[in-house]
1. How about segment 267-279: which of its residues are without any contact (Cβ under 8 Å) to a residue 60 or more places away in the chain and within 24 Å of Phe140 (Cα to Cα)?
2. Quick check on my filter: what residues within segment 259-270 are outside any loop (DSSP other than H, G, I, E, B) and over 21 Å from Val340 (Cα atoms)?
3. So, Pro131, is that one without any contact (Cβ under 8 Å) to a residue 12 or more places away in the chain and closer than 27 Å to Leu259 by Cα or not?
4. Restricting to segment 308-326, what's the tally of residues that are over 15 Å from the mean Cα position of the chain (by Cα) and under 13 Å from Arg298 (Cβ atoms)?
5. Can you tell me which of (1) open to solvent by 40 Å² or more (accessible area, probe 1.4 Å); (2) not in a helix (DSSP H, G or I) is the one Arg309 doesn't meet?
6. Among what's in segment 76-100 and is exposed (fewer than 14 other Cβ atoms within 10 Å of the Cβ) and free of Cβ contacts under 8 Å to residues at least 40 places away in the same chain, pick the residue that is nearest to Gly35 (Cα to Cα).
7. If you check Gly146, Gly158, which single one turns out to be open to solvent by less than 10 Å² (accessible area, probe 1.4 Å), of a type outside the set (A, V, I, L, M) and within 13 Å of the chain's Cα centre (by Cα)?
8. Are any residues in segment 205-216 closer than 30 Å to Gly130 by Cβ and either under 18 Å from the mean Cα position of the chain (by Cα) or basic (Lys, Arg) (or both), and if so, which ones?
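The values are calculated or read from the model by the stated rules, or taken from the named source; none is laboratory data. Note that the structure is predicted; figures quoted are calculated from it, not measured. Quick reminder, even Gly has a Cβ in these numbers, built from the backbone with ideal geometry, and neighbours come from all protein chains shown. Please note that ligands, DNA and RNA were not included when accessible areas were found on the heavy atoms of the full protein model with its side chains. Shrake-Rupley method; radii C 1.70, N 1.55, O 1.52, S 1.80 Å.
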Amino acid sequence: MTDTLAAPHTDNPLAFTAQQRGRASLDFMIHLARGGQPLRSQVSAEQAEMLPDPAVLPDDLDLRDRQLSQSCLASPAYRTSQLLGEYHARMHGLVAREAFEDVRETIDPVIERYQSQGPTTLEPAPEGAGPPAYFEGVNFHRTAGGWEDHAMQGYIHGEIVHRKLVEALYPGGIYTQRRAVAAMAPREDYTRILDMGASTGHFTQALQETYPAAEITGVDLSLRVLEHAQRIGNAHGWAWKLYQRPAEDTGFADASFDLVASYILLHEIPADVIRAVFAEAFRVLEPGGDMIMSDVTRYADMDKLSVWRADSGARLGGEPFWRESASLDLAEVARAAGFVDVTAHGIYPHVVQGRKPA
């Protein structure tokens, strides 16, 4: 078996290097996911044979789910695939956490250095300010205890789950995709950029590398992930300004930025909050400024069987708002917020762009 995790990220001083047990556990999760692909392909083939015309499925997605889930239970391949998917969803974060704890004494000084030294600043939410109701108590991505449960959850998510697990399984690489989305903005240069939903700073980094002269500001609801974004910024000498604030209510002055962007944030929030995020992006943009938002595949771009698969997978993956987000026409949401020259394209990511009138 190939040692998937042997090569370190030499350009990243925060890179995680696992001990033997942690490396073996992470490799097992990667190979488990890869090894399940033939099984998933068999399930897809069985479903296509069972249902050659997805258009006959019920329009109501809950009814569709009950009908298809019951029908698919007769398939051993389907039941096995579901079991493997549940195991991977439940265990990947715990395996990553255990791998971190194995080397914590070694990595803690590095984390502390880049947390406390460097030009990137981080402003936590005011004391006593609780998170929005849609965020509180949700274990996004099936992360045990949510983003705030472990003091180093930002590092675990950013350097182990993303760089070790997700990157190994994602076609083309998620970081390549982040850079591609950042480069889709229409201008060659920007001076003041807001990253909505900055998380652990990987899209923030893509924006900075694409527009090196820009001053970058990022907001997110999780202090733990923002702490790791701060480490990333400091490790590269970037003077990011990070704030623990909701994207729909950033508190920045009108016309503060010339580009507002987000990468795969919107499926993490309810539809009414998505509309508020677009309205906030419009407010904080200067006249003539640009907006670029990316998110998951629109249900309108899939047939009914594919929608059911995506919806079921989102529930398995701990995504409570995926359905209402993926059901939105984001181009219409952007126009309703006031944007002009709105375009929407792409399957995954689905990218929406617009401009605030001058």
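1. The first filter runs over segment 267-279 and keeps only residues without any contact (Cβ under 8 Å) to a residue 60 or more places away in the chain, leaving 267, 271-272, 274, 276, 279.
The answer is His267, Ala271, Asp272, Ile274, Ala276.
2. Let us first name the residues in segment 259-270 that are outside any loop (DSSP other than H, G, I, E, B), namely 259-263, 266-268.
His267, Glu268 - these are the residues of segment 259-270 that are outside any loop (DSSP other than H, G, I, E, B) and over 21 Å from Val340 (Cα atoms).
3. no
4. Residues that pass the stated criteria total 4.
5. Of the numbered conditions (1) open to solvent by 40 Å² or more (accessible area, probe 1.4 Å); (2) not in a helix (DSSP H, G or I), the odd one out for Arg309 is (2).
6. Out of the qualifying residues, it is Leu83.
7. On the way: Gly146 fails: within 13 Å of the chain's Cα centre (by Cα).
Only one candidate qualifies: Gly158.
8. Those that are closer than 30 Å to Gly130 by Cβ and either under 18 Å from the mean Cα position of the chain (by Cα) or basic (Lys, Arg) (or both): Gln205, Leu207.
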